[in-house]
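These notes concern the structure reproduced below.
The values are calculated or read from the model by the stated rules, or taken from the named source; none is laboratory data. Since we're looking at a predicted model, the values are computed, not measured. All Cβ positions, even for glycine, are placed from backbone atoms using ideal geometry, and neighbour counts span all protein chains on display.
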Amino acid sequence: MRLKPLIHLSGKSKFNIGVRDTLETQARFQLPPATLISAYFVMTPAEGIARFGFRRWYERELIEGHVYLITCVLSLTLFAACLEQIDWRGPLQQFLFTLCALVLGAALCIGSLRRYGFLLARAECFGAQSSCGKCGIYGILKVIGAGAGDDRSVLDAADNPWVRVQCKKCGHEWRIDNQ
Ligand SMILES: [Zn+2]
């Protein structure tokens, strides 16, 4: 068995997470420095696809979406329980505590439902545009550019208005519009 030279590892691919200092990669899409928060909680679709590959990113979006759905159901349960327990004529302290839990449950329920809808709609939108127009393969692509999305708060997800991708199989390039 003949060992391949190590140079193959850095490769000639236009987008390569490991190679950052060649002119070619500088001109292309680059991942921001990975911090715990940016890497796992507020990642744009372009960063997610570049880091995990399209299929795994898509899967993660669906899982995250359903975690929000579960949060929504649990907070709805909290809301309903508090609504039933609230005693308008009881001690003030107990009343205030139940009222706080009621408001928290309602806010959490609405917030997580919105986030669930957002994540699923976005995953669906990206999924529908992820087949290569030339060779027809689904989800085998790499990110070569992305529109900047500046909102990076936890509730309003980090986003890209568009992502430019390239098929890993045939090299065909196209743009995924995030509507
Ligand atoms: Zn292709």
Residue 167 versus (1) surrounded by 15 or more Cβ atoms within 10 Å (Cβ to Cβ); (2) modelled with pLDDT under 95; (3) within 16 Å of the ligand (Cβ to nearest atom): which is the lone unmet condition? (2)
Determine, yes or no, whether residue 46 is surrounded by 17 or more Cβ atoms within 10 Å (Cβ to Cβ) and of a type in the set (Gly, Ala, Ser). yes
All but one of (1) touching an Asp or Glu at 6+ places or on another chain (Cβ under 9 Å); (2) in contact (Cβ under 8 Å) with a residue 40 or more places away in the chain hold for residue 167; state the number of the condition that does not hold. (2)
Residue 85, sole failed condition from (1) closer than 16 Å to residue 42 by Cα; (2) at pLDDT below 95: (1)
Kindly establish whether residue 141 is of a type in the set (A, V, I, L, M) and modelled with pLDDT under 95. yes
Considering segment 62-96, residues that are free of Cβ contacts under 8 Å to residues at least 40 places away in the same chain and hydroxyl-bearing (Ser, Thr, Tyr), and then whichever is surrounded by the most Cβ atoms within 10 Å (Cβ to Cβ), we arrive at 75
Among the residues of segment 108-146, which ones are out of contact with any helix residue (DSSP H, G or I) (no Cβ under 9 Å at 6 or more places or on another chain), within 13 Å of the ligand (Cβ to nearest atom) and touching a residue at least 12 places away in the same chain (Cβ under 8 Å)? 132, 133, 134, 135, 137
